Amino acid sequence: MLKLLNLATYSGYLKNFNNNPVELEAFLKRHRLDGLELIQYDPWKPSLVPPRLIGGLHMRFWPTWLDFWRMDLPQLERQFGKISTCRQYYGGERPEALVEYYREELKTALQMGVKYVVFHVSHVRPAESYTYRFPCSHGEVVEAFLELLNGALEGFEADFDMLFENQWWPGLTLLDREVPLRLLEGVRYPRKGFVLDISHMMNTNTELSTEEEASQYILDRLDELGEVAAYIKGVHLNSCLSGQYVKDAVRIANNGSGCRDRVTIWDEELYHHISKIDRHTPFTHSSIRRVMDRVRPEYLVYELLAPSLDVLEGYIEEQDRALGWGDQAPL
């Protein structure tokens, strides 16, 4: 098992290590981490994050993309204000821009020498993230994603794992067998599987009040997945008990005075809202060991967000204690 830490190629994060790969590597070793799951915010620079430190690549994702893929102009105008600003968000004015982006990022993954890449398979419009009223089905999102990904995979060959991460929005939630089985069947690539994101699974149940409840809830969902659970190769470990916030936000958004129908992708408040739903704090209860024992992942990623390096170190240590590792290496 590889024990990894999430890191974005964002100058604000890299300056925590003085833009020095030696300091970054020392940090990883100090916390018995085998490397990084990288996500490209700015283009990857090997001089800042050498390939030897990268275990996996988290592919870029657009939380809202299906309307662009379908070129639903009324919806795009509602979300962006005007169509011309789509280029700033998607990197182009036609759906083919998404295909081309993924083609290039898959090539970057080869250059990095990663063990795996991971995709989000979900779609949510800005207003729906408040109202939780989703007109789009899980199946619709998955079929469109298959069109997009298979287009990017034409002529591509690699030997890394291609994994798909659960969300709580329409798409892949890992709450049933049909959707993940469709992905396994439909993606034209031989090495396929899933990443179980603990917080995202917790976000599918707004009634959870403790991490111990969350662990049992996740174990129950794994039981229901049956043979699909065997394809879970990675875990994003973090915690989020945001159920009460979500219930309050949904109630406000769906009453007359709190309508969010005109919220756009550019509204800063939208990002604050999402960060309150998906907080990426450490999982601290020892019950998570039962989940880990059940899944036995090849890749364990401490996917955490912290305001400073000192806080991040504390978060890592908290998750180590929850897993019962303490001062011992995970393997």
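Ordered by the number of other Cβ atoms lying within 10 Å of each residue's own Cβ, fewest first, 194, 134 fall into the sequence 134, 194.
Per residue, how big is the convex hull of segment 132-212 when only Cα atoms are used? Give it in Å³.
On the way: hull volume 8.2 nm³, N = 81.
Per-residue hull volume (Cα only) is 102 Å³.
Taking amide hydrogens as placed 1.01 Å from N in the peptide plane, the amide H of residue 8 sits under 5 Å from those of 39, each at least 5 positions away in sequence or on another chain. For residue 35, nonlocal amide neighbours, meaning residues 5 or more places apart or on other chains whose placed amide H falls under 5 Å from its own, are 5. Summing Cβ point charges (Lys, Arg +1; Asp, Glu -1) relative to the Cα centre of segment 99-199 gives a dipole of roughly 140 debye.
Could you pull out the pairs from 192/233; 45/107; 15/107; 3/115; 3/107 whose alpha carbons sit more than 18 Å apart here? Violating the 18 Å Cα-Cα cut-off are 15/107; 3/107. Net charge dipole, the chain: roughly 320 debye, given to the nearest 20, about the Cα centre with Cβ charges of +1 for Lys and Arg and -1 for Asp and Glu. For residue 247, a cut-off of 26 angstrom between C-alpha atoms picks up these lysines, skipping any fewer than 8 places away in its own chain: 276. Here the Karplus curve 6.51 cos²θ - 1.76 cosθ + 1.60, taken at θ = phi - 60°, turns the phi angles of segment 225-241 into couplings of 6, x, 5, 5, 4, 5, 8, 7, 9, x, 10, 9, 9, 5, 9, 7, 10 Hz, with x standing for Gly and Pro.
Output needed: percent of Cα pairs per 5 Å distance bin for segment 173-247, bins running from 0 to the one holding the longest distance. Binned Cα distances yield the sequence 3, 15, 25, 23, 15, 11, 5, 2, 0.
Rounded to whole numbers, the Karplus 3J(HN,Hα) couplings from phi for segment 2-16 are 8, 9, 10, 10, 6, 8, 9, 7, 10, 4, x, 7, 5, 5, 4 Hz, using 6.51 cos²θ - 1.76 cosθ + 1.60 with θ = phi - 60°, and x at Gly and Pro.
So what is log10(I(q)/I(0)) for segment 209-302 at q = 0.11, 0.12 1/Å, when the Debye sum runs over its Cα atoms only? One equal scatterer on each Cα of segment 209-302 leads to -0.47, -0.54.
May I ask you to list the GluC sites (Glu not before Pro) in segment 152-236 that are in a DSSP loop and have at most 15 other Cβ atoms within 10 Å of their Cβ?
Details: sites: 154, 157, 165, 178, 185, 207, 211, 212, 213, 224, 227; in loops: 154, 157, 207.
Counting only loop positions with at most 15 other Cβ atoms within 10 Å, the GluC sites (Glu not before Pro) in segment 152-236 are 154, 157, 207.
A Cβ-based charge dipole, computed about the Cα centre of segment 280-331 with Lys and Arg at +1 and Asp and Glu at -1, lands at about 380 debye.
Once backbone amide H atoms are built at 1.01 Å from N, residue 232 has 194 as its partners under 5 Å, excluding neighbours fewer than 5 places away on the same chain.
Could I get the Rg over Rh figure for segment 2-322? Both from C-alpha atoms, Rh via Kirkwood, rounded to two places. Present the calculation step by step, with values, prior to reporting the outcome.
Working: Rg = 19.2 Å, Rh = 20.4 Å.
Radius of gyration over Kirkwood radius for segment 2-322 works out to 0.94.
As a proxy for reagent exposure, ranking 17, 61 by other Cβ atoms within 10 Å from fewest up yields 61, 17. 3J(HN,Hα) along segment 120-133: 7, 10, 6, 8, 8, 6, x, 5, 5, 5, 9, 7, 6, 9 Hz, from the Karplus curve 6.51 cos²θ - 1.76 cosθ + 1.60 with θ = phi - 60°, whole Hz, x for Gly and Pro. Note on segment 2-322: dipole from Cβ charges, positive end direction compared against 173, 117, 210; the farthest Cα belongs to 117. Here each label is just a point 7 Å from Cα along the line to Cβ, and for residue 231 and residue 83 those points are 3.7 nm apart.
As a proxy for reagent exposure, 274, 265 were ordered by neighbouring Cβ count within 10 angstrom, fewest first; the result is 274, 265.
The order of the peptides 41-50, 66-75 by mean Cβ neighbours within 10 Å, most packed first, is 66-75, 41-50. Residues considered: 36, 153, 196. Largest GNM mean-square fluctuation over the chain, using C-alpha springs under 10 Å, is found at 153.
Rule-based calculations on the coordinates, nothing more; no lab input. Predicted model, so just to flag it, every value in this text is computed and none were measured. Glycine gets a Cβ as well: all are built from the backbone with ideal geometry, and neighbour counts include every protein chain shown.
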